[in-house]
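Worksheet: the structure to be examined is printed underneath.
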Amino acid sequence: MRLFHLLGFSPRNFFYFIKSFPGYLSDYRAYKKQLSTNKNLWPFGKTYPIFHDKYEESGILSGAYFHQDLLVAKKIYQKKPTKHVDVGSRTDGFVAHVSVFMPIEIIDIRPQNSKVENISFLQADLMNPIGDTLFNYCDSISSLHAIEHFGLGRYGDPIDANGYIKALNNIYLMLKPGGAFYFSVPLGPQRIEFNAQRIFSLAYLLSLFQNKYEIVDFSFVDDKGDLHQNVLISDNLIQDNCNCSYGCAIFELQKL
């Protein structure tokens with residue numbers, strides 16, 4: 001199935017085409033007949049068939065991105081930090097949410113030329129050492145579903161097996177003592193799916209925080225896309241990665 005997508009062919013879309021095309025032609029003829037008395041007001045342009053929407057739910061209210069973006073934006077709204085910076089999170093989800101109620105500065109290795117109110121941009125590779133001006137730079141920082149990509153070359157970044165470690169170290173240096181770090185990555189048996197992403201085990205994630213952060217809150221999105229909020233981290237959860245193969249771990253951390 002993945003090979004079909006890499007080649008630009010979607011079996012799912014092809015199935016919907018076969019299933020829906022006769023009905024589409026029938027609807028097209030019926031609509032054109034109804035419009036015949038008023039065709040000058042609504043002239044037909046190019047056809048643009050959409051076959052799958054009628055078989056799906058009314059929008060997606062599940063999944064890692066939906067839940068993490070909403071959850072973390074709500075936490076930031078409640079905390080009202082002085083300066084919030086984001087590293088690599090989704091701009092059309094999380095960043096947009098935060099920009100509604102406060103300024104947010106985003107950092108990404110790729111350029112960004114759009115100008116949007118309350119959103120400023122810094123192009124930087126956080127696998128490189130940061131300058132003095134970025135030390136103790138902010139009291140709130142986030143990186144949601146981004147660190148797993150660092151050093152895999154997917155976004156034009158240089159290949160670096162330790163790229164994610166370097167980025168996390170730089171985030172730590174940017175954050176003021178006592179500041180909040182909102183962090184999420186894929187959760188499951190630890191592995192690399194090159195060049196898409198790394199999946200982190202819960203045990204390894206916890207080791208990355210030792211002597212650096214206090215865990216204020218842990219939530220996760222399971223393999224079905226459902227959110228489990230304010231979860232107590234137990235040995236069983238650590239051992240089986242919250243019963244996730246490809247879930248999403250969401251942390252609110254406080255810098256020691």
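Distance between the pseudo-spin-label points of residue 132 and residue 21 (7 Å out from Cα toward the beta carbon): 6.8 nm.
Within region 217-254, whose backbone N sits under 14 Å from a point 7 Å along Cα→Cβ of residue 66? Inside the label zone: 221-228. Surface composition of the chain: carbon and sulfur atoms hold 55% of the protein heavy-atom accessible area at a 1.4 Å probe. Computed from the C-beta positions of residue 226 and residue 53 and an R0 of 25 Å, the FRET efficiency is 0.60 to the nearest 0.05. The angle between the Cα long axis of helix 64-79 and the main principal axis of the chain comes to about 50°, on a 0 to 90 degree scale. In this label model, residue 115 and residue 14 are separated by 4.7 nm, measuring between points 7 Å along each Cα→Cβ vector. The alpha-carbon positions of region 99-186 define a convex hull whose volume is 109 Å³ per residue. Taking GluC sites (Glu not before Pro) across region 56-141, the ones in a DSSP loop with at most 16 further Cβ atoms lying within 10 angstrom of their Cβ are 56, 57, 117. Taking label points 7 Å from Cα along the Cα-to-Cβ direction, residue 154 and residue 238 give a separation of 2.8 nm. Beta bridges per DSSP, both residues in the chain: antiparallel share near 55 percent. Between the DSSP loop rule and a limit of at most 13 other Cβ atoms within 10 Å, which chymotrypsin sites (Phe, Trp or Tyr not before Pro) in region 108-145 are left? Loop-located and lightly packed - 135. Here the Gaussian network model covers the chain, with springs between Cα atoms less than 10 Å apart; of 19, 46, 212, 46 fluctuates the most. Taking chymotrypsin sites (Phe, Trp or Tyr not before Pro) across region 14-97, the ones in a DSSP loop with at most 16 further Cβ atoms lying within 10 angstrom of their Cβ are 44. Overall dimensions of the chain, expressed as equivalent-ellipsoid semi-axes from the Cα gyration tensor (√(5λ), whole Å, largest first), are 40, 23, 19.
Going 7 Å from the Cα of residue 161 along its beta-carbon direction, which residues of region 185-207 have the amide nitrogen within less than 19 Å of the resulting point? 190-201, 204-205, by backbone N distance to the label point. Springs between Cα atoms under 10 Å define the GNM used for the chain, and in it the highest mean-square fluctuation of 120, 26, 143 occurs at 26.
The values are calculated or read from the model by the stated rules, or taken from the named source; none is laboratory data. Values in this document were obtained by computation on a predicted structure and should not be read as measured data. In this analysis, Cβ positions are derived from the backbone assuming ideal geometry, glycine residues included, and neighbour counts consider all displayed protein chains. Heads up: the accessible areas ignore ligands, DNA and RNA and are worked out on the full protein's heavy atoms, side chains in. Shrake-Rupley method; radii C 1.70, N 1.55, O 1.52, S 1.80 Å.
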